[in-house]
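Each remark here refers to the structure printed beneath this line.
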Amino acid sequence: MLVNDDGIDAPGFKILKSIAEEISEEIWVFAPKNDKSGAGRSITLRNDIKVKKRSNREFEVDGTPTDCVILGLNHFMKGNLPDLVLSGVNAGRNAADDVTYSGTVGAAWEATVLGVQGIALSQMYDKRFGMNFSASKSYGSSVLKKIIPKISKLNSVININFPPVDEVNVKGLKTVELDSHKLSDNIEYSENSENFRIGAMITRDHQVKGSDLYYLKKGYISITPLALNVTDYKVLKQLRENIL
């Protein structure tokens, strides 16, 4: 099953379909009608969600990426669940502490919670070269073929990011931890106006050595497993010792 957050007609989603066709004979599509970037794992409550059938096994959903997964797995494919849910290919990285903003990661997360392995795929953007999907287009299927046999029943979301380089310049594959790079945000506004816009993120100039951003900027594909259980066990232990 395929989903994304950039919208059903996004260029990266067409690439995801091509990737999926190389590893599967039966593909189902449930994707947002419009761009839902930054939706995280949000869902639509107290409003109807319109689902339009575009073709056999392809559905346009007027909702969030997580809505798409919930409807796909709990209704349309109930009783015939897919082996995988692939989410992407996102136009822009979903790395470091950005992952919780991501509708792409959120959809893969929801699938994993519902018992189907979710994998998020994102293509890093570099303003010097524009939005270049070369690496994800060329290596997407081979990376999936390599990792899928090794991740069954891990109960972990797999987050894959591709570097912003041509396929010939991809240096390899790294399994890595998340970086931590956010400092603040630029806020755009006009004086005497009630309207505000969240602008570009303000980040650190350096990356943690060995992290996803560290290797992405060196031309490597990054793979990071994300735990569903986000409990901080170290702090939990400290709280128990100091409170109880």
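Each value in this text was obtained by applying a stated rule to the coordinates, not by laboratory testing. Because the structure is a prediction, the values reported are computed rather than measured. As a convention, Cβ positions derive from the backbone with ideal geometry for all residues, glycine included, and neighbour counts pool all protein chains shown.
Using Cβ point charges alone (K and R +1, D and E -1), the dipole size of the chain about the Cα centre works out to roughly 600 debye. Taking the Kirkwood radius as Rh and the Cα radius of gyration as Rg, segment 2-243 has a ratio of Rg/Rh equal to 0.99.
The modelled label-to-label distance for the pair residue 188/residue 232, using points 7 Å beyond Cα in the direction of Cβ, is 3.3 nm. The H on the amide N of residue 90, modeled in the peptide plane, is under 5 Å from the matching H of 121, 122, 123, each at least 5 residues off or on a different chain. For the pair residue 150/residue 48, report the inter-label distance in nm, with labels modelled 7 Å from Cα in the Cβ direction. For the pair residue 150/residue 48, the computed spacing is 4.8 nm.
Looking at 129, 139, 84, which one has the Cα that reaches farthest to the positive end of the dipole of segment 1-154 (charges on Cβ: Lys, Arg +1; Asp, Glu -1)? Highest projection toward the positive end goes to 139.
Using the average count of surrounding beta-carbon atoms within 10 Å as a protection proxy, the listed peptides 209-220, 158-169 rank, highest first, as 158-169, 209-220.
Couplings for segment 133-144, taken from phi via the Karplus curve 6.51 cos²θ - 1.76 cosθ + 1.60 with θ = phi - 60°, read 8, 4, 5, 5, 5, 7, 10, x, 5, 5, 5, 5 Hz in order; Gly and Pro are left as x.
Annotation: peptides 186-199, 142-155, ranked by per-residue average of other Cβ atoms within 10 Å with the highest first, follow the order 142-155, 186-199. Against the empirical 2.2 N^0.38 Å (N residues), segment 29-89 has a Cα radius of gyration ratio of 1.07.
Among the GluC sites (Glu not before Pro) found in segment 21-55, those both in a DSSP coil and sparsely packed, with 13 or fewer other Cβ atoms within 10 Å of their Cβ, are 22, 25, 26. Taking label points 7 Å from Cα along the Cα-to-Cβ direction, residue 74 and residue 97 give a separation of 3.1 nm. Cross-link check: pairs 14/36; 150/171; 145/174; 14/218; 78/174; 53/153 evaluated at a Cα-Cα cut-off of 24 Å; pairs beyond the cut-off: 14/218; 78/174; 53/153. Highest-first packing order for the peptide set 81-94, 36-49, 115-128 is 81-94, 115-128, 36-49, based on the mean count of other beta carbon atoms within 10 Å.
In percent, rounded to a whole number, the relative contact order of the chain is 17, using alpha-carbon pairs under 8 Å and six or more apart. Close amide H partners of residue 102, meaning residues 5 or more places away or on another chain with modelled amide H under 5 Å apart, are 40.
Residue separation of residue 129 and residue 177 scaled by 0.36 nm, minus their Cα-Cα distance, works out to 14.7 nm of gained length.
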